[in-house]
Structure formats: C-alpha cells, structure tokens
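Let me begin by presenting the structure, written as structure tokens, before commenting on it.
Each reported figure results from applying straightforward, stated rules to the coordinates on display, with no laboratory input. Every value quoted in this text rests on a predicted model; they were computed, and no experiment measured them. No Cβ is skipped: glycine too gets one built from the backbone with ideal geometry, and neighbour counts run over all protein chains shown.
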Amino acid sequence: MLIETKNLTKRFGGLAAVNSVDFIIEKGRINAIIGPNGAGKSTFFNLISGFHRPSSGSVFFNGMDITKLPANEIAALGISRTFQSTSLFDQSTVLDNVIIGHRLRTKSNLADAIFRTKRLKREEMACREKAMEALGVVGLTKAADKIVAGISQEEKKRTAIALALATEPEILFLDEPAAGINPDETEGLTELIKKLNTTGLTVCLIEHKMHMIMNLADHIMVLNYGEKIAEGSPKEIRGNDAVIKAYLGGSASA
Amino acid sequence: MDILIQQLFNGLTIGSVYSLVALGLTLVYGILHIPNFAHGALYMLGGYITLSMMTLYGVNYWLAMFVSIIAVGLLGVLLERFVFRLLRDAPPLHDKIAAIGILLFLEAFAQFVWGADFHTMNSPYGQVVQVMGLTFTLQRLLIIVAAIVVMVLLYLFLKKTYTGSTIIAMSQNREGASLVGININKVAMLTFMISGGLAAIASSLASPINLVFPGMGHLVILKAFVIIILGGMGSIPGAIVGGYILGFSESLGATYVSNDYKDIIAFILLVVILTVKPTGLFAKGER
Amino acid sequence: MRIVTKRNGLIALLILAFSFPYIAQNDYYLHMLTLSFIWAIAVYGINLLSGYTGYLSLAHAGFFAIGAYSLGLLTVKAEMNFWLALAGACVITCVIGLLIGLIALRTKEHFFAIYTLCVGYIIYLVIDKWEGLTEGVRGLIGIPAPGSIGPITFDTAASQYYLVLLFLLAVIVIMYRIIHSLTGRTYIAIRNSEDLARTIGISTMKNKLTAFVLSTFFAGLAGALYASFIRFIGPDIGSTAIMFDLLMYLLVGGIGTLSGPLVGTLLLVILSQNLQFLQKYRMLIFGPLLTLIIIFYPRGLAGAAFEWQRKRRDKKLSMVRADMHMKAEEG
C-alpha cells in the first residue's frame with residue numbers, strides 16, 4: 001500500500017470534520033472519495049497533504065509516518081495535489097506557471113541567482129524541460145505560451161494537473177478536477193486521468209460527477225459527516241444502502 | 001493608592017476614546033476586510049470640523065459635534081463609493097495602498113486649510129471637580145459617560161433594528177448575506193458612515209483634553225489597530241474591551257514604568273501578541 | 001537592423017547616466033539625482049518583498065534608519081573606517097531584519113502590514129528616545145563622506161554621484177538576476193498563492209525570510225549611503241512619512257516591475273523638487289494620485305507601458321494576419 005490513514009480525525013472547534021477514518025490507497029490504482037457536501041472530503045485531502053494537522057490519528061506514506069510533516073516536505077516525498085479552485089497566476093504564461101512545479105527537485109539558491117552559476121542554468125533548463133514534458137502529457141504543448149487569463153476553464157484545470165505532475169509525484173490527489181467544465185471536457189479529463197494511471201501514477205480524486213467516478217475509479221470511499229460509511233468497488237458502492245440513504249436523505253445536496 | 005485610582009480613572013478616559021475609534025475600524029474590517037489606514041485621518045478631520053464650527057461660527061459644542069459626525073460620516077460614504085467599491089475584487093494589497101493614499105491626502109488637506117499649528121479646543125465642561133479625593137475635569141467624566149451611551153446605542157442599533165442586523169449578517173457571511181437579498185453596497189456605505197461618525201465623536205470628545213493638529217490621528221490609528229488585533233479583527237465586543245485594556249495599561253505604564261515610553265506599550269503588546277499567535281487573539285477557526 | 005531596441009535604449013541610458021556630471025551645469029542637479037538613486041535603492045528593497053513576494057512591509061523606513069544610524073554611530077562614535085562601517089551597517093540591518101522577519105513572517109496579509117507598521121514605529125521611537133546612543137532629536141552630526149580607496153577620493157559631488165550610481169547599478173543587476181531565476185520564480189509563486197506554493201514543495205518560510213532579509217539589506221545600504229552623503233541624520237528618516245514616500249515612489253513607478261522603482265523615484269523626486277511651492281502640500285496631489293494609480297494602473301507607469309506595448313504588438317499581429325489572409329484570397 002502506498003498511503004494508509006489510521007483513525008484520522010480532525011476537529012474544528014467541537015465539530016469533527018473527519019472522524020476516525022481508516023483508508024488504504026493501493027499503488028497504481030485510481031481511488032475516489034465521494035460524499036455529500038460538507039462530508040469532510042477536502043479536509044481529508046488537507047490532512048494527508050499536510051495543510052491541516054490532524055487532531056488525532058496518523059498518515060503513512062510507503063510505511064513512513066508523515067502525520068507531522070509540513071506540506072512542502074510531503075510534496076517532496078512524492079505526494080502532489082490540486083485545489084478545487086485553480087489558483088494559477090493569471091498574468092503569466094501557461095509554461096511559466098508550470099516551470100515552478102519542478103523547483104522542489106532543484107537546489108539552486110539566492111547566491112546561484114545573483115552569480116548566475118552553472119548549476120542555476122542547468123536546473124533552469126531541467127525545470128523548463130520538465131514543464132514542457134508535463135504539458136505534453138496533459139495535451140497543452142501548443143498552449144504553452146498563452147497567457148493563463150486567456151485560456152479556457154478546462155485548460156486551466158489541465159495546467160494545474162501539469163503543475164502537479166512537474167513535481168514528479170508518486171501519487172496525485174485531485175480535488176474536484178471536473179468542477180465547472182462541460183460534459184465533453186469531462187470526458188476528455190477522464191481519459192487524461194486514465195492515461196496518467198497507465199503510466200504508473202496512483203490517483204486519488206474527489207468528485208461530484210457520479211458518472212465520471214463510476215467509470216473511472218477502481219476503489220471508492222464514501223464519507224458522510226466526516227465518517228467513512230462505505231468502501232469498495234463502484235459496483236459495491238452503487239448497491240450500498242448506507243450510501244443511497246446518505247445521498248437521498250438529510251442535507252445531501254450533491 | 002490615590003495615584004492608582006487617579007490613574008485608573010485616566011485609563012478609563014483614554015480607553016473610552018480608543019474603544020470608539022477601534023469600533024469604527026473593526027466594523028469596516030468585519031464587513032469589507034479593509035484595514036482602513038485612513039481611519040486616523042477621519043478622526044483628525046472630525047476634531048478640526050468640530051473646532052472650526054465652534055470658533056468660526058460660534059456654534060455650541062454639541063451642535064458642532066453633530067455637524068462633524070454628519071460631515072465625516074458622509075466622507076466615509078464617499079470613500080466607500082468612489083474608492084473601496086472599485087477595489088472590492090482587487091488583491092488585498094490594493095485596499096491598503098488606496099487607504100494610505102487617502103490618509104496622505106486628508107492630512108495634507110488639513111494642513112492646507114488649518115495650518116500645521118496645534119490648536120486647543122475649549123469645551124464648556126472645563127470645570128475641575130473633586131469627588132472622593134479624585135481630581136478631574138468634567139470633560140473627562142463626559143468622555144466616559146458619552147462613550148458608554150454611544151456604545152449602548154450602537155448595540156441597540158445593531159441588534160434591534162433590521163438595518164443593523166444586515167450589518168451583522170454581512171460581517172458573518174458576505175455571500176450568504178447577498179443571497180438572502182441584502183444589498184451589499186448599501187450596507188457597505190452605511191458601515192463607512194457609522195465608522196466615520198464614531199471617529200468624529202471620539203475626536204470631538206477627546207480634543208478638549210488633547211490638542212488638535214494634522215498628525216493627531218497617527219498614534220490613535222496605530223493603537224486602534226493594536227486594539228482590534230487584540231480583540232479579534234472584526235469583533236465588536238473585542239474592540240470595546242481591547243480599548244479599555246490598552247487605556248489602562250498606558251496610564252499605569254506611564255506612572256509606574258516610564259512616561260517617555262508609554263506610547264510604545266501598545267506596540268510591544270502587539271509584537272508580543274502576534275509573536276505568540278500570528279493570526280491575532282480570538283481568531284475564528286483555523287482556516 | 002532596428003535602431004530603437006531595448007538593448008540600445010539601455011546603452012543610451014547608461015551613457016547618459018555616466019556623462020551626467022559633465023552635462024549638468026551645477027551641483028544642485030547632481031545632488032538631487034544622487035539622492036534619488038539612494039532612495040531608489042531602498043525602493044528596490046521594498047519591491048523585492050512587496051512587489052515580488054507579496055508581503056507589504058511598512059517597516060522599511062525603519063530599516064533605512066537602522067542602516068543610516070549604524071553607519072553614523074560606527075563612524076562618528078566608534079571612529080571606524082568608512083568602508084568597514086558601511087559593511088557593518090549592512091550586517092547590523094540584516095541581523096535585525098532576520099530577527100524581525102522570523103516573527104513578522106509568521107503573520108500574513110493585513111496582519112503583516114499592521115505588524116510591520118508598528119515595528120517601523122517602534123524603531124522610530126527607539127531612535128528618538130534613546131538619546132544616550134542616538135542623540136535623539138538633536139540628530140547625529142559630523143558623519144564623514146566615503147573614505148578614499150587608494151587614489152580615488154569621494155569628496156566631490158561628481159565622485160559621490162558615481163559611487164552611488166555604481167551601487168544602484170549593482171542593485172538593479174542583482175534584482176534582474178533574481179527575478180529571472182528559479183529563486184525569483186519561487187518568490188512570485190509565493191506571492192501568487194502561498195498554499196499552492198507549499199503543495200508544490202516550496203518551503204515558503206525559508207524563501208520569504210531570504211527575501212525579507214535581502215530587502216532589509218537594500219534598505220540598510222541605502223540608509224548608510226544616505227548618512228554619508230547628507231552627513232547629518234535625525235530620527236525623522238525612520239518616520240512613517242518617509243515610509244509612505246518610498247511606497248509612493250514604488251507604486252507610481254510600478255510595483256512588481258524591474259524598472260518601476262527607478263522610474264517612480266526619479267519622476268517624483270524631480271517633480272517635487274521642481275514644484276518647490278508644493279513641498280508642504282505635495283500630498284494634496286500625490287495622495288489622490290496614489291489612490292487613482294492603484295485603482296486604474298495597479299502596476300504603475302511601468303505596468304501601463306507594458307500593457308500599451310502588448311496591445312500594440314497584438315494589433316500589429318492581427319494586421320499582419322489580416323494581410324496574409326487577403327493575399328491568400330487574392331492568390
């Protein structure tokens with residue numbers, strides 16, 4: 001297993017946003033986390049990626065305890081993520097946005113910058129190549145020089161994925177990658193995720209579009225009010241009573 | 001012992017003024033997330049307008065204060081409408097810069113109109129009173145009482161009237177408020193109006209025991225920022241309590257530590273608070 | 001071959017800058033330009049932090065004052081050699097900057113701005129009140145001009161101008177190199193979104209701290225040069241008025257641009273020198289100007305110029321395309 005959470009819990013004030021969740025992500029699979037709005041899915045991502053410190057419980061990556069590591073060190077280990085709202089730099093080009101993704105694999109510092117050392121030049125080249133490679137994977141080679149403000153929502157989503165890929169992750173967490181894009185584009189994005197997976201990348205995504213999830217995921221976990229209520233293959237989840245109840249009853253608005 | 005009580009009384013007086021200024025600052029921050037650096041200039045302007053009304057037109061103190069409240073309140077409305085509204089979706093940096101621009105203008109304006117001199121304001125309540133061994137001017141008592149009256153009125157307005165409740169609703173959740181049909185622009189203008197009015201009241205009350213000059217808002221605004229960080233940015237009770245706390249610490253610090261460095265107390269307090277808790281005391285939630 | 005290129009423009013500017021002492025009829029202009037260059041160095045410091053890393057610091061007049069007073073005290077009271085004192089002043093500013101940065105950078109956005117405003121005020125108050133060390137409001141007098149290096153002396157207006165010019169050029173080259181490097185990209189990524197920067201593995205605290213210390217270094221260097229150029233300093237150089245002046249230079253020129261600090265400082269210093277009658281009331285014009293600029297041209301004059309260039313280029317491109325289209329149809 002690549003990632004394992006044990007008893008993972010996060011409380012905000014008195015409320016448990018994530019309540020003692022055990023979850024295992026196997027290497028090479030496409031995993032999905034679903035659940036009604038406010039079920040704690042994004043918080044779960046934030047806990048794994050080091051944005052929130054868990055109230056209790058732990059997270060393991062390749063058997064190593066990463067519960068207390070800061071976000072940037074977790075990224076360096078090979079865990080990458082995207083955000084629900086893509087926060088790219090609008091005034092700059094697609095390529096410039098992605099180049100920085102490889103920064104964590106480089107070592108040059110302020111002194112290298114001031115003295116224009118060979119190491120800096122070499123690493124800049126490496127970052128540029130890595131960025132072009134990532135843009136190639138997501139199919140944006142031609143858009144590399146466009147200003148981000150001028151590209152479509154879907155292209156922005158792909159740029160964000162390229163940025164995550166440039167960090168050379170082992171596992172990629174996608175927070176609602178298909179939010180706000182049309183059905184055709186969703187189809188394209190599904191293909192992209194499948195393609196990434198075939199190259200050996202483990203994927204874990206949060207998504208509200210059921211059709212997409214059911215046709216994409218190998219393994220699904222369902223959260224409701226911060227608790228895991230079901231886990232299994234798409235087929236198992238579809239027939240699960242607790243899941244159906246969670247989605248139909250109560251405050252479900254997904 | 002007498003000194004202590006006298007200083008506590010002084011602290012209450014200064015604290016009242018701080019609370020009023022901080023209230024205006026925190027209201028605007030709570031609703032629009034603008035740290036209004038120009039708020040000190042509004043305070044300064046309030047003092048000058050009251051003074052001018054009294055000296056130039058011979059108007060009585062209370063009427064002069066009323067004119068000042070209206071004038072500064074309207075200026076606040078103009079600032080919201082023609083500056084901050086245009087920047088509502090801009091990066092947070094822009095609000096701050098715009099506010100600094102306004103501050104610089106208003107100070108230069110005051111200097112242009114009224115000159116750089118220090119003025120005294122003579123209030124009709126300059127009599128010295130002695131109660132239980134305490135010596136103070138009636139004006140100081142007036143500051144304490146008036147501040148409490150204003151705070152009670154503000155509380156009633158915010159809690160008991162519909163218009164007031166829209167302000168509270170918007171400070172809690174801007175998107176939610178606009179979804180239930182609250183007109184954000186109106187509420188924003190109203191908030192700036194109240195904020196300006198509070199600044200005018202504070203300076204009109206404080207000027208008779210201080211002086212009126214173009215830079216009179218500098219320290220007050222900085223301290224008001226310290227207060228609202230102390231009390232939680234956007235929190236109304238926090239601004240009131242924080243104001244009094246600072247008032248007391250300063251008057252006690254001036255007596256028992258050093259009069260020279262009394263103005264530094266607030267900033268050291270702030271540095272300590274933000275060092276221990278970078279999001280300020282009483283910050284909401286983790287996100 | 002086009003004659004008006006960026007490269008040729010720069011060469012022309014450099015030639016102009018180096019020949020200015022021969023062109024200027026009197027020392028007054030030379031003095032004014034030297035002073036603007038000194039301010040510009042401080043503004044570059046603020047730009048690195050506020051423009052590129054996204055943290056609006058209002059403490060930099062304080063760091064400027066720390067640099068100035070360090071040099072003043074080291075030369076006047078400790079009677080140190082000028083160049084040693086200059087290096088010492090920069091080191092002192094950086095150490096204080098590092099300590100303040102460690103704490104200040106834990107705060108964000110508005111909190112950072114308010115925090116640094118208060119830090120700036122504390123620095124000012126300390127200088128003003130600590131008379132035993134700083135002479136308080138009386139100010140520090142008798143600060144020596146830069147000491148000679150071998151045969152080169154710095155006692156004329158022209159030689160001081162060249163010295164400051166060289167420092168300014170070094171600062172600009174350093175800024176250029178930082179911005180166009182992975183380090184600069186890292187700063188910009190932090191400015192853009194600190195959360196995103198952390199997810200792509202950037203240690204934001206380390207990078208912010210480096211940017212902060214370097215920016216205080218520039219401010220301190222400018223302060224030290226100022227002290228040796230004016231030869232007299234008072235607590236006022238650390239006041240918020242100076243801070244707001246510096247901020248204005250940056251905003252008018254263009255925050256987050258390479259040329260902005262120089263353009264803004266030169267323009268505003270020259271403008272206010274020529275409008276002497278305005279000196280006292282200059283904020284009547286500059287205050288609203290600052291507000292208008294942030295509303296309509298948030299990236300200042302330099303940003304507006306880029307925008308204009310880009311539009312013109314786009315227009316040209318579309319005209320070329322239309323042209324080709326017509327030709328294709330004709331053919």
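At a Förster distance of 51 Å, what's the computed FRET efficiency of B:Asp260 paired with B:Asn185, Cβ-Cβ distance as r, to 0.05? Could you put the intermediate results ahead of the total?
Numbers: r = 47 Å, r/R0 = 0.92.
Using R0 = 51 Å, I get an efficiency of 0.60.
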Between helix C:109-129 and chain C, what is the angle of the helix's C-alpha long axis to the longest principal axis, kept within 0 to 90° and rounded to the nearest 10? 30 degrees
Cα gyration tensor shape of the range B:67-171, rounded if a/c is under 1.5, else prolate or oblate by comparing a/b with b/c: oblate
Given an 8 Å cut-off on Cα distances and at least 6 residues of separation, report the relative contact order of the range B:19-217 as a percent. 45 percent
Round to the nearest 10 and give me the degree value, 0 to 90, for the angle of helix C:283-296's Cα axis relative to the longest principal axis of chain C. 40 degrees
Here, C:Arg231 and A:Glu236, labelled 7 Å along Cα→Cβ, have an inter-label distance in nm of 8.7 nm
With R₀ set to 25 angstrom, the calculated FRET efficiency between the beta-carbons of C:Ala17 and C:Lys280, to the nearest 0.05, is 0.20
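For a Förster distance of 25 Å, can you work out the FRET efficiency between the beta-carbons of C:Ala87 and C:Ala158, rounded to the nearest 0.05? Please report the intermediate quantities before stating the final value.
Numbers: r = 24 Å, r/R0 = 0.97.
Calculated transfer efficiency: 0.55.
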With each pseudo-label sitting 7 Å past Cα toward Cβ, what's the B:Arg85-C:Phe296 distance in nm, one decimal? 1.8 nm
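Please sort B:109-117, A:159-167 by packing, taking for each peptide the average over its residues of neighbouring beta carbons within 10 angstrom, highest first. Provide the component values of the computation, followed by the final result.
Numbers: B:109-117: 14.9, A:159-167: 26.0.
Taking the mean over residues of other Cβ atoms within 10 Å, the ranking is A:159-167, B:109-117.
If Rh is defined by the Kirkwood formula over all Cα pairs and Rg also comes from Cα, what ratio Rg/Rh do you get for the range C:17-298? Display every interim value, and only then the final one.
Numbers: Rg = 18.4 Å, Rh = 19.1 Å.
Over the Cα atoms of the range C:17-298, Rg/Rh equals 0.96.
Note down the relative contact order for chain A as a percent, whole number, built from C-alpha pairs under 8 angstrom at least six residues apart. It would help to have the intermediate numbers written out before the result.
Details: 473 pairs, mean separation 70.1, N = 254.
Worked out over chain A, it gives 28 percent.
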Positive end of the charge dipole of the protein assembly as shown (Lys, Arg +1 and Asp, Glu -1 on Cβ, about the Cα centre): tell me which of B:Leu158, A:Gly226, C:Ala61 has its Cα farthest that way. A:Gly226
Helix-only mean residue ellipticity at 222 nm, chain C, DSSP H runs n ≥ 4 weighted -39,500 (n - 2.57), per residue, nearest 500. What is it? -25000 deg cm²/dmol
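Mind checking Rg over Rh on the protein assembly as shown, alpha carbons, Kirkwood formula for Rh? List each step's numbers first, then the result.
Values: Rg = 30.2 Å, Rh = 30.2 Å.
When Rh is taken as the Kirkwood radius, the ratio is 1.00.
Taking a threshold of 26 Å on the Cα-Cα distance, which of the pairs A:Lys68/A:Lys121; A:Lys146/C:Lys208; A:Lys6/A:Lys157; A:Lys118/C:Lys208 fall above it?
Working: A:Lys68/A:Lys121 34 Å; A:Lys146/C:Lys208 29 Å; A:Lys6/A:Lys157 31 Å; A:Lys118/C:Lys208 24 Å.
In this structure, A:Lys68/A:Lys121; A:Lys146/C:Lys208; A:Lys6/A:Lys157 exceed 26 Å between Cα atoms.
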Does anyone have the angle between helix C:182-192 and the longest principal axis of chain C? Alpha-carbon axes, 0 to 90°, nearest 10? 90 degrees
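Take every residue in peptide C:183-195, count the Cβ atoms of other chains within 10 Å of its Cβ, and give the average of those counts. Don't skip to the end; give the middle numbers.
On the way: counts 10, 2, 9, 8, 1, 6, 7, 1, 3, 8, 6, 1, 6.
So the per-residue partner count for this stretch is 5.
Could you work out, residue by residue across A:91-100, how many beta carbons of other chains sit within 10 Å of that residue's beta carbon, and then give the average as an integer?
Numbers: counts 6, 3, 0, 0, 0, 2, 5, 1, 3, 12.
The shielding value for this peptide is 3.
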What average number of partner chain Cβ atoms lie no more than 10 Å from the Cβ of the residues making up A:64-72? 3
In chain B, if the dipole is taken from +1 on Lys/Arg beta carbons and -1 on Asp/Glu beta carbons about the Cα centre, which of B:Ser171, B:Tyr261, B:Gly47 is farthest to the positive end? B:Ser171
Compute the distance in nm between two label points, each set 7 Å from the Cα along the Cα-to-Cβ direction, one at B:Met132 and one at A:Asn215. 8.1 nm
Using the per-residue mean of other Cβ atoms lying within 10 Å as a proxy for protection, in what order, highest first, do the peptides C:240-247, B:267-274, C:27-34 fall? C:240-247, B:267-274, C:27-34
Evaluate the charge dipole of the range A:88-168 about its Cα centre and quote only its size in Debye, nearest 20, assuming +1 on the Cβ of each Lys and Arg and -1 on the Cβ of each Asp and Glu. 320 debye
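If you take every DSSP beta bridge whose two residues both sit in chain A, what share of them, in percent to the nearest 5, is antiparallel? Intermediate values should be presented prior to the final figure.
Values: 20 of 36 bridges.
DSSP beta bridges in chain A are roughly 55 percent antiparallel.
Taking Cα pairs under 8 Å and at least six residues apart, what relative contact order does the range B:125-281 come out at, in percent? Mind dumping the intermediate values first?
Numbers: 101 pairs, mean separation 20.8, N = 157.
It comes to 13 percent, rounded to a whole number.
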Which part of the range C:203-228 falls in the paramagnetic zone of C:Ser272, meaning amide N under 20 Å from the point 7 Å along Cα-to-beta-carbon? C:219-228
